[in-house]
1. Kindly list, by first and then second residue, each pair from a residue in the range 85-99 that is over 12 Å from GLN153 (Cα atoms) and in contact (Cβ under 8 Å) with a residue 60 or more places away in the chain to a residue that is among the basic types (Lys, Arg) and surrounded by fewer than 21 Cβ atoms within 10 Å (Cβ to Cβ), limited to pairs with Cβ atoms under 8 Å and residues at least 6 apart or on different chains.
2. Which of (1) under 24 Å from GLU80 (Cα atoms); (2) assigned to a helix (DSSP H, G or I); (3) within 16 Å of the chain's Cα centre (by Cα) does THR187 not meet, given it meets every other one?
3. In the range 83-109, how many are over 20 Å from PRO141 (Cα atoms) and among the small types (Gly, Ala, Ser)?
4. So which of VAL180, VAL165, VAL126, VAL161 ends up being closer than 16 Å to ARG96 by Cβ and among the β-branched types (Val, Ile, Thr)?
5. Could you grab me the full set of residues in the range 15-59 that are at pLDDT 50 or above and either within 21 Å of the chain's Cα centre (by Cα) or surrounded by fewer than 11 Cβ atoms within 10 Å (Cβ to Cβ) (or both)?
6. Could you pull out the residue among ARG124, ARG175 that is basic (Lys, Arg) and under 17 Å from VAL234 (Cα atoms)?
7. For the range 141-156, enumerate the residues that are modelled with pLDDT of 90 or more and in a helix (DSSP H, G or I).
8. Pull out all pairs, ordered by first then second residue, where Cβ-Cβ is under 6 Å, the residues are six or more apart or on different chains, the first lies in the range 63-77 and is outside the structural domain of ALA49 (by TED's automatic domain parsing) and touching a residue at least 24 places away in the same chain (Cβ under 8 Å), and the second is basic (Lys, Arg) and loosely packed, with under 11 Cβ neighbours inside 10 Å.
Amino acid sequence: MALSVGAQDVGNRSTAQGPSKQPEKKATEPAPDKLLFQLPQQIRTTLNAELPDDNADPAAIIQACELRIDAALTVQKAIEHYGNETLFRYAGPAVRLAHRSKSWQRKVDPATGKPFRGFNPWCRRVGISKSQSYRMVNEEPVADALRSLNPGQLTTKQVDVLAPVLRQHDAARCRRVWEVATKMGATDHKTLLKARESLELAITEDKEDSDHQPGISPVPVVRFQAGRYDRESVRSAVRSDPDLARLLARDILDELKRLEGSESTEG
């Protein structure tokens, strides 16, 4: 008999608890909830039950062994999930602050004796993997896009589903995925994925280069489409990398000046 541990058993806050109370200017940085790790009674009973003697019926022995192993594996998976979400929730604000402020550039890489060559190498040095840093940094623009829907504390898997929608489409479609999932009855990552698929949103898996910065798409930064402009997506992009936004703005203004100059010459 398979045993399972749900999100409620490892301390994840369910969106059914209602909107979180978050300050207007820091909607993406809620105070972390106190996490509780509790095993279901069925699993505790199975783990504490005595195993049969060597001379017991082989069928009873193997059944008891499989139940104990299944319960132990379930606990292992629950602990791993609990650990990942705890790291995401508590270390995330610090990783995002270091990324936004670029303060990591003030640190020297002990391996080279020079400043870190990128954000990801610094993350690895402090114990955060590349995939973890991507999730933590990407949570901020996703939470920003969903602010009007009061999503509460996002999980790693929710961010995994929604971040590509925001990055490759826009904030409106990101909100639409959440709304469709809500109508389906839940906003867990599986339902969000079903909602994303039901909207037939084309998603291209990003190829994460070793020096690619999280929160920034490796595909062209700007994609002009006739009749479409999402101001909130632009705001999210600017907040994620102000320096890149300034460079882009200067290039656009320079190109417009050249275009206006060529048009006046032709006229």
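1. No pair meets every condition.
2. (2)
3. 1
4. Step by step, each of VAL180, VAL165, VAL126, VAL161 is checked, and only VAL126 is closer than 16 Å to ARG96 by Cβ and among the β-branched types (Val, Ile, Thr).
5. GLN41, ASN48, GLU50, ASP53, ASP54, ASN55, ASP57, PRO58, ALA59
6. Matching residue, one of ARG124, ARG175: ARG175.
7. PRO141, VAL142, ALA143, ASP144, ALA145, ARG147, SER148, LEU149
8. none
The values are calculated or read from the model by the stated rules, or taken from the named source; none is laboratory data. Since the model is a prediction, treat every value here as computed from it, not as a measurement. Quick reminder, even Gly has a Cβ in these numbers, built from the backbone with ideal geometry, and neighbours come from all protein chains shown.
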